[in-house]
Structures are given as structure tokens and as C-alpha cells.
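Engineer: Let me begin by handing over the structure; questions about it come next.
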Amino acid sequence: QYKIVTFFGKPTNVVLEPGLYFKSPIHNTITLDKRCLMYNPTPSEYLTRDKKNVVVGVFVNYKIIDPLNFYVTVNDIPKAEAYLDDLLYSQVSAVLGEYDLSSLVSTNSEAMKIDEITQKITQNCRQRAEKDYSINIASVKLKQLILPQQNKQSVFDRMRAERERIAKQYRAEGEEAAIKIRATTDKEC
């Protein structure tokens with residue numbers, strides 16, 4: 001953990017390494033975590049380049065790199081996560097706006113670009129977070145990809161129409177085969 005020693009709310013000293021330290025009773029300490037932390041914001045709805053709505057859930061792993069600057073600019077972990085929430089929303093929205101839905105969901109593995117998307121989001125978030133909040137973002141990953149409720153019905157309708165088209169094709173082929181069989185039996189009789 002990092003310890004920030006404050007005097008009437010103003011930081012006076014930062015303790016980076018463990019050990020035995022003394023403080024006077026008029027000083028307060030603020031503890032910040034040195035470990036890699038994980039933030040899991042609520043999933044949000046985004047728009048892809050081909051104007052399809054998609055609900056995406058992400059999580060971010062981050063670490064405080066400069067505790068004094070972090071305390072001065074952000075103050076504590078809940079506020080940092082609120083700032084990260086805004087940063088993630090804007091960056092995920094910007095990056096997903098550059099890709100079609102088929103880059104996220106596809107049966108063709110060459111068309112899927114999830115790794116490229118997450119790398120772009122991580123890189124963009126890392127630059128802003130280090131500069132503005134003294135936070136190093138290790139990674140941003142997609143954990144959830146859901147079609148919104150209004151899109152589900154159109155997807156199901158498309159799937160149903162595709163199945164009906166295939167069924168009509170099979171029926172037509174069956175009727176054609178039946179007509180040929182009847183014609184050959186009538187010819188033999």
C-alpha cells in the first residue's frame with residue numbers, strides 16, 4: 001500500500017515502501033492500494049459503424065502509478081472509478097463506431113476483430129488515464145456482448161425467414177423428385 005501523510009488535508013509526505021515510520025497525532029494518513037485493481041462498470045449500449053445497437057460490458061485492470069498526483073487530482077478510488085467510467089464510455093463508443101457489428105459477432109474467424117478493438121480501447125484509455133489521473137491501465141477487455149431487446153426480434157425474424165427459405169427450397173426439390181417418379185411410373189404403366 002501507499003500511505004499519504006496529510007496535515008489538515010494537505011499532503012506533506014508519501015510513503016512508498018513498507019517499514020517503521022513515525023507520525024505526529026496532528027497528521028492523518030490516507031491509504032491507497034499498490035496492487036493491480038479491477039473495475040467492472042455496468043454494461044452500456046453503443047452504436048457500431050453500420051448503425052447497429054449493441055450492449056457491451058467491459059472490465060479494466062488498472063494500477064496507481066503516482067500516489068501523490070493521484071491524491072491531488074482524483075482523491076480516492078471511488079472517484080477514480082467514476083472518472084474511469086466516463087473515460088471507458090467515451091473510448092469504447094469511439095472505437096466501436098469505427099467497426100461493423102460483423103467485426104464483433106461473426107462465424108468467420110477472419111472477420112472478427114475483437115483483439116484489435118480491445119487493444120485500441122486499452123491504448124486510448126491508457127494515454128488519457130496516465131496523463132490526467134496518474135493511473136496505468138493494464139488492459140481493457142470485453143466481457144459481454146448482447147444485442148438490445150429491440151434488435152433481438154429483428155434477428156429472430158431474419159433467422160426465421162432464412163429457415164423458411166431453406167424449407168421452401170427443400171419442398172420444391174421434393175416436389176420435383178415426386179413429379180419425376182410419378183412420370184416414370186405412369187410411363188411404365
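The values are calculated or read from the model by the stated rules, or taken from the named source; none is laboratory data. This one's a predicted model, so the numbers in the text were calculated from it and none came from an experiment. Because the Cβ atoms are built from the backbone with ideal geometry, glycine has one as well, and the counts that use them run over all protein chains shown. Ligands, DNA and RNA are stripped out before the accessible areas are found, and what is left, the full protein with its side chains, is counted by its heavy atoms. Shrake-Rupley method; radii C 1.70, N 1.55, O 1.52, S 1.80 Å.
Engineer: Let me check the size of region 66-189 from its C-alpha atoms; what are the radius of gyration and Dmax in Å?
Structural biologist: 27.3, 99
Engineer: If you plug each phi of region 17-22 into the Karplus form 6.51 cos²θ - 1.76 cosθ + 1.60 with θ = phi - 60°, what whole-Hz ³J(HN,Hα) values come out, in order, with x for Gly and Pro?
Structural biologist: 10, x, x, 9, 10, 10
Engineer: Starting from 0.36 nm per residue, how many nanometres of slack lie between V5 and A177 once their C-alpha separation is accounted for?
Structural biologist: Stretched out fully, the V5 to A177 stretch lengthens by 53.2 nm.
Engineer: May I have the extent of the alpha carbons of region 123-189 along their three principal axes, as whole Å values ordered from largest to smallest?
Structural biologist: The Cα atoms of region 123-189 stretch 91, 23, 14 Å along the principal axes, largest first.
Engineer: Report the accessible area of R126, computed with a 1.4 Å probe over the heavy atoms of all protein chains in place, in Å² rounded to the nearest 10.
Structural biologist: Result for R126: roughly 80 Å² accessible.
Engineer: Report the local net charge at L68: Lys and Arg +1, Asp and Glu -1, summed over other residues whose C-beta lies under 13 Å from its C-beta.
Structural biologist: Net of charged neighbours comes to +1.
Engineer: Hey, another quick one. Exactly which GluC sites (Glu not before Pro) in region 102-189 are in a DSSP loop and have at most 15 other Cβ atoms within 10 Å?
Structural biologist: Hits after loop and neighbour filter: E110.
Engineer: For the chain, give the percent of accessible area contributed by carbon and sulfur heavy atoms, probe 1.4 Å, rounded to a whole number.
Structural biologist: 53
Engineer: Hey, in the GNM for the chain with a 10 angstrom Cα cutoff, which one of Y21, Y99, Y89 fluctuates hardest?
Structural biologist: Y21
Engineer: OK, next. Label-point separation (nm) for K141 and T73, each offset 7 Å from Cα along Cα-to-Cβ?
Structural biologist: Placing both labels 7 Å beyond Cα along the Cβ direction yields 2.6 nm.
Engineer: Shifting gears a bit: Tell me, what ³J(HN,Hα) does each residue in region 166-180 have, in order and in whole Hz, if you take phi through Karplus 6.51 cos²θ - 1.76 cosθ + 1.60 with θ = phi - 60° and put x for Gly and Pro?
Structural biologist: Coupling constants for region 166-180: 5, 5, 4, 5, 5, 5, 5, 5, x, 5, 4, 5, 5, 5, 5 Hz.
Engineer: Using a probe radius of 1.4 Å on heavy atoms only, what accessible surface per residue do you get for region 67-189? Whole Å² is fine. The partial results should precede the final answer.
Structural biologist: On the way: 8210 Å² over 123 residues.
Roughly 67 Å² per residue, with all protein chains present.
Engineer: Moving to a separate point now. Let's test this: bin the Cα-Cα distances of region 1-156 at 10 Å from zero up to the farthest pair and state each bin's percent.
Structural biologist: Each 10 Å bin holds this share of Cα pairs: 10, 34, 25, 16, 10, 5, 1.
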